[in-house]
Ligand code: GDP
Ligand code: IMO
Ligand code: MG
């Protein structure tokens with residue numbers, strides 16, 4: 001049996017969507033296990049671009065079933081828009097999309113509280129999708145789940161209790177307008193009518209998938225350095241994108257996972273605030289952003305760009321247990337005369353032994369770089385590893401050796417056919 005967890009190994013936007021799409025032609029089921037519509041996973045097929053936020057990227061392959069696990073927080077509006085967007089492109093989710101009854105719902109007050117919090121002094125640079133406030137309610141045991149939609153009385157009671165509390169906060173703490181309970185109840189009842197057909201008990205669904213020996217790909221959102229436990233806290237998201245999250249976010253037992261696959265961008269990007277040791281500012285950063293089209297798939301925000309950080313990716317390999325990886329956006333580096341790779345950090349001339357995910361330390365580190373020669377030719381139409389320039393192969397073997405994993409896919413452009421498999 002093949003049950004693979006696919007994780008972002010940096011700060012998100014590594015190209016997970018593209019690689020899930022490539023791999024999903026050899027999987028029966030693709031599952032999202034955490035995050036929500038803060039994710040933006042791009043798949044480009046020919047001239048068509050699909051940006052998926054909640055539905056697994058496997059939906060674009062008609063023989064693949066897609067599951068949204070309990071670890072995901074679902075914004076009804078975003079989900080319905082996505083189902084409709086796919087339908088408009090001739091892709092039906094009916095009978096192929098299965099949603100966990102235990103997944104939590106993003107409510108209008110979550111988005112409001114997210115944006116209020118971002119306008120204060122403790123900014124994170126969130127996507128504004130209500131992610132943090134929804135996970136707060138989940139862990140405070142006040143959340144509203146998909147299963148609550150199935151019983152009108154329970155739903156109304158829960159929405160009323162939550163809104164009563166949130167209205168007090170909105171009015172007394174933030175001096176904001178109160179929310180209308182009836183309007184929100186009506187909106188979620190309408191959502192229930194459409195969503196009912198997709199709801200399942202995911203652990204039961206998975207048991208029968210195991211019995212039928214189905215292969216499963218677990219699609220992580222965000223990335224290791226945005227993990228609430230292992231990332232650059234507090235500049236993180238509110239879930240566990242790392243491999244462990246794949247079990248708690250789906251009910252798949254850890255003993256069933258057969259491998260962990262890392263998605264690794266050939267350089268580094270980050271959206272939002274927080275430390276970024278290898279960041280390139282000024283002209284150098286602007287050029288990389290422009291040539292890599294580094295603008296957020298969800299919010300359109302410019303992404304911060306910098307050199308490949310092998311010290312960070314090695315940490316990511318360790319946390320996730322990555323054995324194999326796909327290197328993406330290698331084509332973007334083709335303009336450079338020389339390429340730097342960070343192989344460690346130092347503080348006051350002292351080399352750090354292990355990765356400091358404490359932000360106070362991270363703000364003080366200086367990266368230690370090795371400089372490699374660039375290849376200066378367009379590699380975006382190369383189909384076989386042997387045809388890559390020697391300098392490109394050297395760059396790949398250097399990062400693979402520094403990060404400690406094998407590279408099994410090299411992506412040289414956004415399209416399906418711009419992929420080299422080893
Ligand atoms: P995800 O969140 O990890 O799925 O990544 P995003 O979709 O947010 O960002 C990746 C961007 O890079 C998308 O616009 C992809 O179409 C694009 N992309 C993916 N792989 C490659 C590649 O190998 N080369 C280039 N030039 N673009 C790529
Ligand atoms: P994908 O799946 C990149 C970042 C935000 C912010 C922090 C917290 O496309 O790789 P949140 O809205 O989650 O509370 O924001 O996390 N962030 C992402 N950055 N890619 C993503 O998803 C992200 N999802 C959240 O920019 O810094
Ligand atoms: Mg993205």
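Each reported figure results from applying straightforward, stated rules to the coordinates on display, with no laboratory input. As the structure is a prediction and not an experimental result, all values here were calculated from the model. Cβ: placed from backbone, ideal geometry, glycine included. Neighbour counts: every protein chain shown.
The calculated Kirkwood hydrodynamic radius for the chain is 22.2 Å, given to one decimal from all distinct C-alpha pairs. Taking the centroid of alpha carbons for each part, region 108-132 and region 375-422 are 39 Å apart.
An oblate overall shape is assigned to region 138-183, the ratio a/c of its alpha-carbon gyration tensor axes (a ≥ b ≥ c) being 1.5 or greater and a/b not exceeding b/c. With the Kirkwood sum run over all distinct C-alpha pairs, region 104-193 has a hydrodynamic radius of 13.6 Å. For region 104-193, averaging the sequence separation of C-alpha pairs within contact (under 8 Å, six or more residues apart) and dividing by the residue count gives a relative contact order of 26 percent. When each of the peptides 184-190, 247-253 is scored by the mean number of other C-beta atoms lying within 10 Å of its residues, the order from highest to lowest reads 247-253, 184-190.
Expressed as a whole number of Å, what is the distance separating the alpha-carbon centroids of region 153-223 and region 65-93? So the two Cα centres are separated by 14 Å.
Summed over all non-identical Cα pairs, the Kirkwood treatment of region 62-134 gives a radius of 13.9 Å.
Could you order the peptides 111-119, 148-156, 97-105 from most to least packed, using the average number of other C-beta atoms within 10 Å per residue?
Answer by packing, highest mean first, reads 97-105, 111-119, 148-156.
Note on region 277-386: Kirkwood radius taken over Cα pairs, Stokes-Einstein applied at 37 °C and 0.692 mPa s, translational D equal to 207 µm² s⁻¹.
Arrange the following residues from fewest to most other Cβ atoms within 10 Å of their Cβ: 384, 198, 205, 395.
On the way: 384 9, 198 20, 205 17, 395 23.
Result, fewest neighbours first: 384, 205, 198, 395.
For the chain, the 222 nm mean residue ellipticity estimated from helices alone, with every DSSP H stretch of n ≥ 4 adding -39500 (n - 2.57) and the total spread over all residues, rounds to -9000 deg cm²/dmol. Between 32, 129, 61, find the one with the highest GNM mean-square fluctuation for the chain; connect C-alpha pairs within less than 10 Å. Its mean-square fluctuation being the largest, the pick is 61.
Ranked by how many other Cβ atoms sit within 10 Å of their own Cβ, fewest first, the residues 335, 345 fall in the order 335, 345. Neighbour counting of Cβ atoms within 10 Å sorts the residues 43, 147, fewest neighbours leading, into 147, 43. If both residues of a DSSP beta bridge must be in region 257-413, then about 60% of such bridges are antiparallel.
Relative contact order of the chain: what whole-number percent is it, with Cα pairs under 8 angstrom and at least 6 residues apart?
Once divided by the residue count of the chain, the mean separation gives 20 percent.
With both residues required to sit in the chain, DSSP beta bridges show an antiparallel share near 40%. Summary value for region 263-421: 26 percent relative contact order, contacts being C-alpha pairs under 8 angstrom separated by 6+ residues. Shape of region 1-101 from the C-alpha gyration tensor: rounded (a/c under 1.5, with a ≥ b ≥ c the square roots of its eigenvalues).
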